[in-house]
1. Which pairs do you get when a residue that is at pLDDT 85 or above, found in the range B:156-177, comes within reach of a residue that is not in a helix (DSSP H, G or I), reach meaning Cβ atoms under 7 angstrom, with the pair 6+ apart or on two chains?
2. From the list A:20, A:13, A:51, A:27, exactly one residue is surrounded by 12 or more Cβ atoms within 10 Å (Cβ to Cβ), without any contact (Cβ under 8 Å) to a residue 60 or more places away in the chain and facing chain B (nearest Cβ under 8 Å). Which is it?
3. Testing residue A:8 on (1) under 20 Å from residue B:204 (Cβ atoms); (2) within 13 Å of chain B (Cβ to nearest Cβ); (3) surrounded by 12 or more Cβ atoms within 10 Å (Cβ to Cβ), one condition comes back false. Which one is that?
4. I'd like to check something: does the range A:31-47 contain any residue that is within 20 Å of residue B:206 (Cα to Cα) and either surrounded by 12 or more Cβ atoms within 10 Å (Cβ to Cβ) or more than 10 Å from chain B (Cβ to nearest Cβ) (or both)?
5. It is to be established whether one or more residues within the range B:70-92 are in contact with a strand residue (DSSP E or B) (Cβ under 9 Å, 6 or more places away or on another chain), within 14 Å of chain A (Cβ to nearest Cβ) and modelled with pLDDT of 85 or more.
6. May I ask you to list the residues in the range A:31-47 that are farther than 20 Å from residue B:90 by Cα and in contact with a helix residue (DSSP H, G or I) (Cβ under 7 Å, 6 or more places away or on another chain)?
7. Within the range B:161-181, work out how many residues are touching a helix residue (DSSP H, G or I) at 6+ places or on another chain (Cβ under 9 Å) and closer than 15 Å to residue B:265 by Cβ.
């Protein structure tokens, strides 16, 4: 079996964004649980934060191919 | 961008010992589907499906909105809810009630086009997300890029637009550093992440689905132990389809949301 060590590196690099996305949605769920009427206000903010955190993982994926 | 760099060197031979043909993991080559011609000017399958999606969306939307009535039919009700998601949920919430109407056509077109093309990735006759080729996200990002700079410059003038990059009330010595950072954000990071996020998600999701399905099909050709292993593999493939449906909707939503927030940022009076 042969492969590329940078695959392992990319796997390690996604830990950071993964934790970030988890924290963002944890905070979102907390916020909605405490104040359900704030849901519509919090949803775009949570998804925006998720998209920005996820961008780091996507960078890693694309840099891998360049 | 060369997406075929992986083609050599990452294939694994799982089943070679069993006597069958070895299993080849899918490579980024699976996205290269030329129909007519070859090289840089080839017409690919994704281009055709992109065109089909535009025609499909136009026909369906015209048909559903033609006979608009006070008491809506099922189709009109569906269409209005879908339109409201982009109009109220994205454009109005992000841009604000004052300026948002002007950008609703752009944002709604982006949302519906990306959504349909993403869902092509799991719909049986196509099974290939159009935005898995980097050129398509780049084209949409270019439109957004030009629009948000254009409206910013039109509102504040070229000098005013660059001045607006630095938030007011900062001490003088830090302003150059903030300006450089904000400049990079506005002109390089934003379009780059906007295009790459959509591309990366579609690309990775499609690769994952192909990997599970082809691995499951390969296990069926092997010995009895591998045949049993193909059952959980196919279950995982089905789960990935459901997960991808969610991700593809979310990415269409995120792309439109970010485009709206960039427009809102260029229109904002101060930071």
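1. Once the first residue is at pLDDT 85 or above and sits in the range B:156-177, its partners that are not in a helix (DSSP H, G or I) give B:175/B:166.
2. Details: A:20 fails: facing chain B (nearest Cβ under 8 Å); A:13 fails: facing chain B (nearest Cβ under 8 Å); A:27 fails: facing chain B (nearest Cβ under 8 Å).
From the options A:20, A:13, A:51, A:27, the qualifying one is A:51.
3. Condition (3) is where residue A:8 drops out.
4. So in the range A:31-47, the residues within 20 Å of residue B:206 (Cα to Cα) come out as none.
No: the range A:31-47 contains no residue that is within 20 Å of residue B:206 (Cα to Cα) and either surrounded by 12 or more Cβ atoms within 10 Å (Cβ to Cβ) or more than 10 Å from chain B (Cβ to nearest Cβ) (or both).
5. If we filter the range B:70-92 for residues that are in contact with a strand residue (DSSP E or B) (Cβ under 9 Å, 6 or more places away or on another chain), which is where we start, we get none.
So far as the range B:70-92 goes, no, none of its residues is in contact with a strand residue (DSSP E or B) (Cβ under 9 Å, 6 or more places away or on another chain), within 14 Å of chain A (Cβ to nearest Cβ) and modelled with pLDDT of 85 or more.
6. Scanning the range A:31-47 gives a single hit, A:31.
7. Quick first cut of the range B:161-181, residues touching a helix residue (DSSP H, G or I) at 6+ places or on another chain (Cβ under 9 Å) only: B:161-167, B:170, B:179.
From what's left, closer than 15 Å to residue B:265 by Cβ: B:161-167.
So the count comes out to 7.
One line per residue, one yes/no per condition, for (1) touching a strand residue (DSSP E or B) at 6+ places or on another chain (Cβ under 6 Å); (2) within 18 Å of residue B:120 (Cβ to Cβ):
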| residue | (1), (2) |
| --- | --- |
| B:25 | no, no |
| B:32 | no, yes |
| B:39 | no, no |
| B:43 | yes, yes |
| B:51 | no, yes |
| B:56 | no, yes |
| B:67 | no, no |
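The values are calculated or read from the model by the stated rules, or taken from the named source; none is laboratory data. Note that the coordinates shown come from a computational prediction; the quantities given were computed from them, not determined experimentally. Glycine also receives a Cβ, built like all others from the backbone with ideal geometry; neighbour counts cover every protein chain displayed.
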